[in-house]
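Colleague: Quick one: this structure, given as structure tokens, is what I'll be asking you about.
The values are calculated or read from the model by the stated rules, or taken from the named source; none is laboratory data. Values in this document were obtained by computation on a predicted structure and should not be read as measured data. All Cβ positions, glycine included, derive from the backbone under ideal geometry; neighbour counts span all protein chains shown.
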């Protein structure tokens, strides 16, 4: 527990923001649909409530057919998050297994698995999705999940493979062999734990990709129109000319939700490196020295100069006004 | 002057290490050839034979590229010899298959050189040591106690403090001790230490070597000490084998080989080592072997035909360029592979 | 004669939440033109921090907390007052680097970019700090390789095609490209075999004689310094414990730590002695104990050692002045006559 607290304390601000934001969306995904005031598919017949602006009864307004946008968005968040996380888990799991195995075993296995990855890399998503949607119509988001998972793992596999190739040659792997460890244990307990930050980053990226891809596919209609994902809402909004008609409440909330989820993931990723490496965890020092912000490219700060001088930016600008070093500089001196 | 008899078989030498204890391991005629692709081969180890005895230290001394690490890897079972036999307690060794390999590992352990990469950075010391205990000391149920005992053996006390540490929290010397402990968990008879102190500060090396010596004595280990520092070999080993270009070029008791080196390469090594007792002697010296050998150091590898040292040796002649000498007896417990042992032995100008 | 680099009262700390780590504490070190000064210390003694702190190369959270680093090179000062590196701006420092003070980094062999040819890397350095035409620069690069004894044909090679010793020599050649007055070498021969090491050291000596630069040679191997350096400074836990001519240090080491270091080398010549080395490990710099940092490992420590203020005093008192190069020690308790040869208790 204290390890978690330590990690939290040392995360950069943007990663903290990302984590909190993402957590909020996870919360929304869990309890949101319970809080939704209406069934998202319910079409209110009252003509005054068609494409209606946000009001007390419909906090985010209504669609063209009288459906409550807020309810749709709340359900949509859950649907989209679920889809994205399932794709993330599946694709990451496959990419890790393929990447680590091909790198560690090398030789024929590496050739074979790399070939398979490359094949999957180039399969185009759209035709596959159209095909599956035809086959599995009515199965909710499963076609999309399958397509995105199946097409989403090769990239991660290549990255994991590259990392594993580097780790494989390190002495501690050979030392495990010396101790008599079995191969699968070496892969699972010696190699993969060193790749945790990479795998976590890969997972986050895959989730991001899944969100983006599913929304984009849904937007062009390649989605199960019976389920309410954020992409579906956007599809309906677009096909009913919400933009032209100025019904901003219809497309802004779902679009914003997608953007925010994506942003939170990107911000979260920046803190992920620290999870995997005990050494990085320990060494996050202050880049603020004696009240001044010091960049890595600045010369080592000198205490006497910091307290005497103007701040970093002033100093930087000031340095352009000086002549070259051939001017005499009194020792220990005055920079004016 | 009579020509020395051309010896085609390497001379059999009485090992100075044999006095310490029974025979533990034999390497007989080991060869290792690496294919470098495009029909280029590297004959990394040529016809290397020697024995390891319980309670004795045999040092394998040479530059990088001399083949000494490859020899260690062959003995460790990490590589298979292209030809030649390794015998453990009289029986030929076979490490094909996982089970045979693991069985072999419970008798022969290898310690890595680099303390900064031989411990997994994501595991604590406790985990790193518990694994080999579980694998090799299967009758033991109290793993904590076994790990504590190992840490005490390598003098990392209080053990409780070290068990929870990660490698990055330890100094180089401490990490290397953990590596030793890990090897000892398998309760081996033979310990192959590949440059165990080269990456440590000079001031710590002595402590580590003394620790190894202590472990050797207490556990009757047969220790193979691989190094490029011949001074530490003199201090630590019973027998010294000098390698160059994949071959053993000189062997004998540590004191004799370092005080009265017979082979010109050994003479170069001795002369190149820093001599705290003689300031600036080598840098300003006129020592012929040193000058010629040193000038070409790093630019020229071992020669392809004849004696591997012939392109750096001040005494080389046509015969040296044509024929590769085998080890010839100098005394019953010393041998050197050189056609001109009498000339090389003469005092330098 | 003026020194070429004068480090006075330099202190460097690493800011951290648990308390500052005082890596270097009040160190005085002077380098004269053409001289080789050896800085000897274990890992963690602060020797690299000293060199990089003095040249302002350390990144945050490092902070220079006291002192001055005065440079007297004539190209900059024209015989006038020295300039203080600690007061310089980024631009001024850039002008100093490579041209006045050059550094050969630790693990220099890994400091070469593996995807660039040797020639390109040398040219990079030349163009960054000197202005000359491409043709002149190429000729200069070739000349530099000649200087360190590498065949010109190797210009087109990649670093991995060169041996360790050759890569090290390329690094040294690059450092000499702008004809600096001071070359700082941080553990240049650590990972090399003893024969190659010998070769590189002779090369350094020869170049120094020819080009006239001063060398600050940092290493943990005192035996190298005894052969190579004119003067030696022994560092421990951020402080200098002893300084003096290498001959004095070797024959009459004054500080118990130096004595312990000298006792750590198995020698090849002379009788085979039993060696003890120095037991224990260096202290935690976050929590310095009062007085001399060497107390926990010192065989001669007495309660009075906790009150020692670590200033360097002449060995043997004021009366024992040995020529222009003083032999100084921070230990007021032990004298060379007092400590015995051999094992420390």
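Colleague: Is it true that some residue in the stretch B:45-59 is in contact with a helix residue (DSSP H, G or I) (Cβ under 7 Å, 6 or more places away or on another chain) and within 14 Å of chain A (Cβ to nearest Cβ)?
Modeller: No, the stretch B:45-59 contains no residue that is in contact with a helix residue (DSSP H, G or I) (Cβ under 7 Å, 6 or more places away or on another chain) and within 14 Å of chain A (Cβ to nearest Cβ).
Colleague: Report whether or not residue A:154 is in contact with a helix residue (DSSP H, G or I) (Cβ under 9 Å, 6 or more places away or on another chain), at pLDDT below 85, more than 14 Å from chain B (Cβ to nearest Cβ) and crowded, with 21+ Cβ neighbours inside 10 Å. Don't jump to the end; show me each part of the working.
Modeller: Working: in contact with a helix residue (DSSP H, G or I) (Cβ under 9 Å, 6 or more places away or on another chain): yes; at pLDDT below 85: no; more than 14 Å from chain B (Cβ to nearest Cβ): yes; crowded, with 21+ Cβ neighbours inside 10 Å: yes.
Judged against the criteria, residue A:154 is not a match.
Colleague: When you go through B:70, B:128 one by one, which is the residue that is closer than 20 Å to residue B:172 by Cβ and assigned to a helix (DSSP H, G or I)?
Modeller: Details: B:70 fails: closer than 20 Å to residue B:172 by Cβ.
Criteria check complete, one pass: B:128.
Colleague: From the list C:278, C:249, which one is within 14 Å of chain B (Cβ to nearest Cβ), at pLDDT below 85 and buried (at least 22 other Cβ atoms within 10 Å of the Cβ)? Reasoning before the result, please.
Modeller: Details: C:249 fails: at pLDDT below 85.
Unique residue meeting the criteria: C:278.
Colleague: Could you say which residue among C:21, C:69, C:36, C:64 is over 19 Å from residue C:102 (Cα atoms), more than 9 Å from every other protein chain (Cβ to nearest Cβ) and either surrounded by fewer than 24 Cβ atoms within 10 Å (Cβ to Cβ) or touching a helix residue (DSSP H, G or I) at 6+ places or on another chain (Cβ under 7 Å) (or both)? Working first, answer last.
Modeller: Details: C:69 fails: over 19 Å from residue C:102 (Cα atoms); C:36 fails: over 19 Å from residue C:102 (Cα atoms); C:64 fails: more than 9 Å from every other protein chain (Cβ to nearest Cβ).
Testing whether each residue is over 19 Å from residue C:102 (Cα atoms), more than 9 Å from every other protein chain (Cβ to nearest Cβ) and either surrounded by fewer than 24 Cβ atoms within 10 Å (Cβ to Cβ) or touching a helix residue (DSSP H, G or I) at 6+ places or on another chain (Cβ under 7 Å) (or both) leaves just C:21.
Colleague: Also, I was wondering about something else. Would you confirm whether or not the stretch B:182-199 contains a residue that is without any contact (Cβ under 8 Å) to a residue 60 or more places away in the chain, within 14 Å of chain C (Cβ to nearest Cβ), at negative phi and surrounded by fewer than 20 Cβ atoms within 10 Å (Cβ to Cβ)?
Modeller: No, that holds for no residue.
Colleague: Something else about it: What are the residues in the stretch C:281-294 that are surrounded by fewer than 18 Cβ atoms within 10 Å (Cβ to Cβ) and away from chain B (no Cβ under 12 Å), if any?
Modeller: Result: C:286, C:287, C:288, C:289, C:290, C:291.
Colleague: Would you be able to tell me the number of residues in the stretch B:76-102 that are touching a residue at least 12 places away in the same chain (Cβ under 8 Å) and either assigned to a loop (DSSP other than H, G, I, E, B) or surrounded by 24 or more Cβ atoms within 10 Å (Cβ to Cβ) (or both)? Outline the logic, then answer.
Modeller: So the first thing to find is which residues in the stretch B:76-102 are touching a residue at least 12 places away in the same chain (Cβ under 8 Å), and the list is B:76-90, B:93, B:95, B:101-102.
From the residues that got through so far, the ones that are either assigned to a loop (DSSP other than H, G, I, E, B) or surrounded by 24 or more Cβ atoms within 10 Å (Cβ to Cβ) (or both) too are B:77-82, B:89-90, B:93, B:95.
Result for the stretch B:76-102: 10.
Colleague: Just to verify a result, which residue in the stretch C:74-88, among those that are facing another protein chain (nearest Cβ under 7 Å) and surrounded by 15 or more Cβ atoms within 10 Å (Cβ to Cβ), is nearest to residue C:57 (Cα to Cα)?
Modeller: Quick first cut of the stretch C:74-88, residues facing another protein chain (nearest Cβ under 7 Å) only: C:76, C:80-84, C:86-87.
Okay, now just the ones that are also surrounded by 15 or more Cβ atoms within 10 Å (Cβ to Cβ), so C:76, C:81-84, C:86-87.
On the way: C:76: 20, C:81: 24, C:82: 20, C:83: 17, C:84: 15, C:86: 11, C:87: 14 Å.
Ranking the qualifying residues of the stretch C:74-88, first place goes to C:86.
Colleague: Moving on to the next point. Restricting attention to the stretch B:107-125, report how many residues are in contact (Cβ under 8 Å) with a residue 60 or more places away in the chain, over 13 Å from residue A:174 (Cβ atoms) and either at the interface with chain A (Cβ under 7 Å from one of its Cβ atoms) or not in a loop (DSSP other than H, G, I, E, B) (or both). Write out each step before concluding.
Modeller: Narrowing the stretch B:107-125 to residues in contact (Cβ under 8 Å) with a residue 60 or more places away in the chain: B:107-116, B:118-119.
This time we only want the ones that are over 13 Å from residue A:174 (Cβ atoms), so: B:107-108, B:115-116.
Next cut, either at the interface with chain A (Cβ under 7 Å from one of its Cβ atoms) or not in a loop (DSSP other than H, G, I, E, B) (or both) only: B:108.
Summing the residues that are in contact (Cβ under 8 Å) with a residue 60 or more places away in the chain, over 13 Å from residue A:174 (Cβ atoms) and either at the interface with chain A (Cβ under 7 Å from one of its Cβ atoms) or not in a loop (DSSP other than H, G, I, E, B) (or both) in the stretch B:107-125 gives 1.
Colleague: Could I ask something else about it? Might you check whether a residue that is buried (at least 17 other Cβ atoms within 10 Å of the Cβ), touching a strand residue (DSSP E or B) at 6+ places or on another chain (Cβ under 7 Å) and at pLDDT below 90 occurs anywhere in the stretch A:69-89?
Modeller: The initial filter retains those residues of the stretch A:69-89 that are buried (at least 17 other Cβ atoms within 10 Å of the Cβ), namely A:69-81, A:83-88.
Now drop any that are not touching a strand residue (DSSP E or B) at 6+ places or on another chain (Cβ under 7 Å), which leaves A:69.
Next cut, at pLDDT below 90 only: A:69.
Yes: the stretch A:69-89 contains one or more residues that are buried (at least 17 other Cβ atoms within 10 Å of the Cβ), touching a strand residue (DSSP E or B) at 6+ places or on another chain (Cβ under 7 Å) and at pLDDT below 90.
Colleague: Same structure, new question: Consider the stretch A:1-58. How many of its residues are in a loop (DSSP other than H, G, I, E, B) and in contact with a strand residue (DSSP E or B) (Cβ under 6 Å, 6 or more places away or on another chain)?
Modeller: We begin by selecting, within the stretch A:1-58, every residue in a loop (DSSP other than H, G, I, E, B); these are A:1, A:11-12, A:36-46, A:50-58.
Next, from what is left, pick out any that are in contact with a strand residue (DSSP E or B) (Cβ under 6 Å, 6 or more places away or on another chain): A:38, A:52, A:58.
Final tally of qualifying residues: 3.
Residue-wise test of (1) farther than 28 Å from residue B:42 by Cα; (2) in contact (Cβ under 8 Å) with a residue 24 or more places away in the chain; (3) more than 14 Å from chain C (Cβ to nearest Cβ).
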residue: B:164; (1), (2), (3): yes, yes, yes
residue: B:205; (1), (2), (3): yes, yes, no
residue: B:220; (1), (2), (3): yes, yes, yes
residue: B:246; (1), (2), (3): no, yes, yes
residue: B:268; (1), (2), (3): no, yes, no
